[in-house]
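Visitor: This is the structure I have questions about; it appears just below.
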Amino acid sequence: MTEPVKEQLQSTRGSVLLIDDEKSLVQLYAEALGQHFDCDQANTAREAGFLMHKKQYKVVVCDHLMPGGNGLSFLVHVREEYPNTQRILVTGYMKPEMLLRSVNEAALYRYLLKPVSLPELVKTVMEAAKIHDQAVAAAE
C-alpha cells in the first residue's frame, strides 16, 4: 500500500490516544484497538499533551494515576482545549464520589475500572468515536 493511501485510510478510521505509565498495558490497548483506529501511545500526561498539539483525536483513553501527572487533570485540560474529543478515564479506584467528580469535571464519556477487559475497551472506544463524529457533524 502506498504511503498516501495508507495515510488516507488511517485518517478515515480516526485516531485514538492511549495514555498509561504501564507501557505493556498501553501496547495491549493499542493492539486491541488497532484494527479499528490509528492508535498513538503516551506514557505521561506531558507526552500526551505534545501529541494532542500535533494531531486530532476522536477519543483519549487515559489512566487516572501516573507518575508526574494526574490523568483526571489532563482530561479536564482536553475538555477545555478539544471539546469534541471524547474522554475515557481508566482507574483502579472505585470511590463513588471520586468517580462522580471525575465524570463531571472532565465531562467524561465513560470511566473504565481496572482490570479493563479488551472487548469492553473496544466497544466503549467505538461508541465514543461515534459520539465524536456526531458532535463534529452537528458543528458543521
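Visitor: Can you tell me which residue in the stretch 100-124 is modelled with the lowest pLDDT, limited to those that are over 19 Å from GLU22 (Cβ atoms), out of contact with any Phe, Trp or Tyr (no Cβ under 7 Å at 6 or more places or on another chain) and hydrophobic (A, V, I, L, M, F, W, C)?
Guide: Selected residue: LEU100.
Visitor: Next question, about the same structure. When the residues of the stretch 92-103 are filtered to those that are under 18 Å from the mean Cα position of the chain (by Cα) and over 25 Å from GLN56 (Cβ atoms), which remaining residue is surrounded by the most Cβ atoms within 10 Å (Cβ to Cβ)? Walk me through it before giving the result.
Guide: The first filter runs over the stretch 92-103 and keeps only residues under 18 Å from the mean Cα position of the chain (by Cα), leaving 92, 99, 102-103.
Now drop any that are not over 25 Å from GLN56 (Cβ atoms), which leaves 92, 99.
Numbers: GLY92: 11, LEU99: 17.
Step by step, filter the stretch 92-103, then rank; the result is LEU99.
Visitor: Kindly check whether there is at least one residue in the stretch 63-86 that is of a type in the set (Asp, Glu), more than 10 Å from the chain's Cα centre (by Cα) and more than 22 Å from ALA135 (Cα to Cα). Give the steps one after another, and end with the answer.
Guide: Start the filter on the stretch 63-86 by keeping residues that are of a type in the set (Asp, Glu), which leaves 63, 80-81.
Those still in the list that are more than 10 Å from the chain's Cα centre (by Cα) too: 80-81.
Subset that is more than 22 Å from ALA135 (Cα to Cα): none.
Scanning the stretch 63-86 turns up no residue that is of a type in the set (Asp, Glu), more than 10 Å from the chain's Cα centre (by Cα) and more than 22 Å from ALA135 (Cα to Cα).
Visitor: Within the stretch 7-21, does at least one residue satisfy the condition of being farther than 21 Å from HIS132 by Cα, of a type in the set (A, V, I, L, M) and modelled with pLDDT under 90? Walk me through it before giving the result.
Guide: Step one: filter the stretch 7-21 for residues farther than 21 Å from HIS132 by Cα, giving 20-21.
From the residues that got through so far, the ones that are of a type in the set (A, V, I, L, M) too are none.
No, there is no match, as no residue in the stretch 7-21 is farther than 21 Å from HIS132 by Cα, of a type in the set (A, V, I, L, M) and modelled with pLDDT under 90.
Visitor: Identify, by number, the condition in (1) surrounded by 14 or more Cβ atoms within 10 Å (Cβ to Cβ); (2) in a helix (DSSP H, G or I) that LEU112 doesn't meet.
Guide: Only one criterion in (1) surrounded by 14 or more Cβ atoms within 10 Å (Cβ to Cβ); (2) in a helix (DSSP H, G or I) is unmet by LEU112, namely (2).
A quick yes/no check of all residues on (1) of a type outside the set (A, V, I, L, M, F, W, C); (2) on the phi < 0 side of the Ramachandran plot; (3) touching a residue at least 12 places away in the same chain (Cβ under 8 Å):
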position	(1), (2), (3)
ARG46	yes, yes, yes
HIS53	yes, yes, no
VAL60	no, yes, yes
VAL76	no, yes, yes
PRO96	yes, yes, no
LEU99	no, yes, yes
ASN104	yes, yes, no
GLN134	yes, yes, no
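Visitor: While we're looking at this one, here's another question. Could you say whether any residue in the stretch 54-77 is more than 18 Å from GLU22 (Cα to Cα), buried (at least 22 other Cβ atoms within 10 Å of the Cβ), in contact with a Phe, Trp or Tyr (Cβ under 8 Å, 6 or more places away or on another chain) and of a type in the set (A, V, I, L, M)?
Guide: Yes, the stretch 54-77 has at least one match.
Visitor: What number of residues within the stretch 78-87 satisfy the criterion of being in contact with a His (Cβ under 8 Å, 6 or more places away or on another chain) and crowded, with 17+ Cβ neighbours inside 10 Å? Break it down stepwise before answering.
Guide: Keep residues of the stretch 78-87 that are in contact with a His (Cβ under 8 Å, 6 or more places away or on another chain), which gives 84-86.
When the remaining residues are screened for being crowded, with 17+ Cβ neighbours inside 10 Å, the result is 85-86.
Residues meeting the conditions: 2.
The values are calculated or read from the model by the stated rules, or taken from the named source; none is laboratory data. For clarity, every value in this text was computed on a predicted model and none was experimentally measured. Every residue, glycine as well, gets a Cβ built from its backbone with ideal geometry; the counts of neighbours run over all protein chains shown.
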